[in-house]
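Written below as structure tokens is the structure these notes are about.
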Amino acid sequence: MTSRLAELGLELPRAFSAPPGAEFRFAAARVAGDLVHVSGHGPLDGAEILMSGRIGEDLDARQGYDAARLTGLSILATLDELLGDLDRVTGWVKALGFVRCAPGFNETPAVIDGFSDLILELWGGEGRHARSAIGVAELPFGIPVEIEAIAEIR
């Protein structure tokens, strides 16, 4: 998968981590049998927030798409750290995307497509997953997108 990321000109950020002085009460991802459950991630590089704002107010749908793509890369960084090799991911099962949006913004699926398109580019047909895209009033730390996922592993 490292070579496929390079082919696409993509680099993984640092894996999701707690901000200095904080500690998580949950795992960023957890393996259960042949599945890995990934906690909600945002557009992060380690603990650094890469994008913030409300879609349909501070950011447009295209910027939301980009935020979802960055969130996908953050998820992949966490999986790479946990699994030791992204090639262990054999398929994607489910994604749940939350979009911090202005009242009346109803293009949440187009925003979360940023994540889905990334996964399909990397895994092809094995990247096709069930998905929900939900608009919400607020997300932690003002991030525009949060995504959690379930993937199959070997």
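The values are calculated or read from the model by the stated rules, or taken from the named source; none is laboratory data. On a predicted model such as this, the values are computed, not experimentally measured, just so you know. With ideal geometry, Cβ positions are generated from the backbone for all residues, glycine too; neighbour counts draw on all protein chains shown.
Here are some notes:
- Test: ARG100 is assigned to a strand (DSSP E or B), farther than 13 Å from GLU148 by Cβ and either out of contact with any His (no Cβ under 8 Å at 6 or more places or on another chain) or among the charged types (D, E, K, R) (or both): yes
- Inside the stretch 3-34, residues that are in a strand (DSSP E or B) and out of contact with any Asp or Glu (no Cβ under 9 Å at 6 or more places or on another chain) make up a count of 3.
- For the stretch 124-143, a tally of residues being of a type in the set (D, E, K, R), surrounded by 13 or more Cβ atoms within 10 Å (Cβ to Cβ) and outside any strand (DSSP E or B) returns 2.
- Long-range neighbours under 6 Å by Cβ, at least six apart or interchain, first residue assigned to a helix (DSSP H, G or I) within the stretch 109-123, second crowded, with 16+ Cβ neighbours inside 10 Å and charged (D, E, K, R): GLY114/ARG69; LEU118/ARG69
- Among the residues making up the stretch 24-50, those that are in contact (Cβ under 8 Å) with a residue 40 or more places away in the chain and surrounded by fewer than 20 Cβ atoms within 10 Å (Cβ to Cβ) are VAL31, ASP34, LEU35, HIS37, SER39, ILE49.
- Taken together, the criteria exclude PRO13 from residues that are surrounded by 15 or more Cβ atoms within 10 Å (Cβ to Cβ), under 15 Å from GLU148 (Cα atoms) and not hydrophobic (A, V, I, L, M, F, W, C).
- Filter result for THR78 (modelled with pLDDT of 95 or more, of a type in the set (Val, Ile, Thr) and more than 16 Å from ALA28 (Cα to Cα)): no
Residue-wise test of (1) of a type outside the set (Gly, Ala, Ser); (2) under 21 Å from LEU59 (Cβ atoms).
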{"residue": "GLY84", "(1), (2)": "no, no"}
{"residue": "ARG100", "(1), (2)": "yes, yes"}
{"residue": "GLY104", "(1), (2)": "no, yes"}
{"residue": "ALA110", "(1), (2)": "no, yes"}
{"residue": "LEU120", "(1), (2)": "yes, no"}
{"residue": "ILE147", "(1), (2)": "yes, yes"}
{"residue": "GLU152", "(1), (2)": "yes, no"}
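- Residues satisfying the stated conditions in the stretch 35-50, i.e. under 21 Å from ALA133 (Cα atoms), among the hydrophobic types (A, V, I, L, M, F, W, C) and outside any strand (DSSP E or B): LEU50
- Considering GLY97, GLY84, the condition of being modelled with pLDDT of 95 or more and surrounded by 23 or more Cβ atoms within 10 Å (Cβ to Cβ) is satisfied by GLY97 alone.
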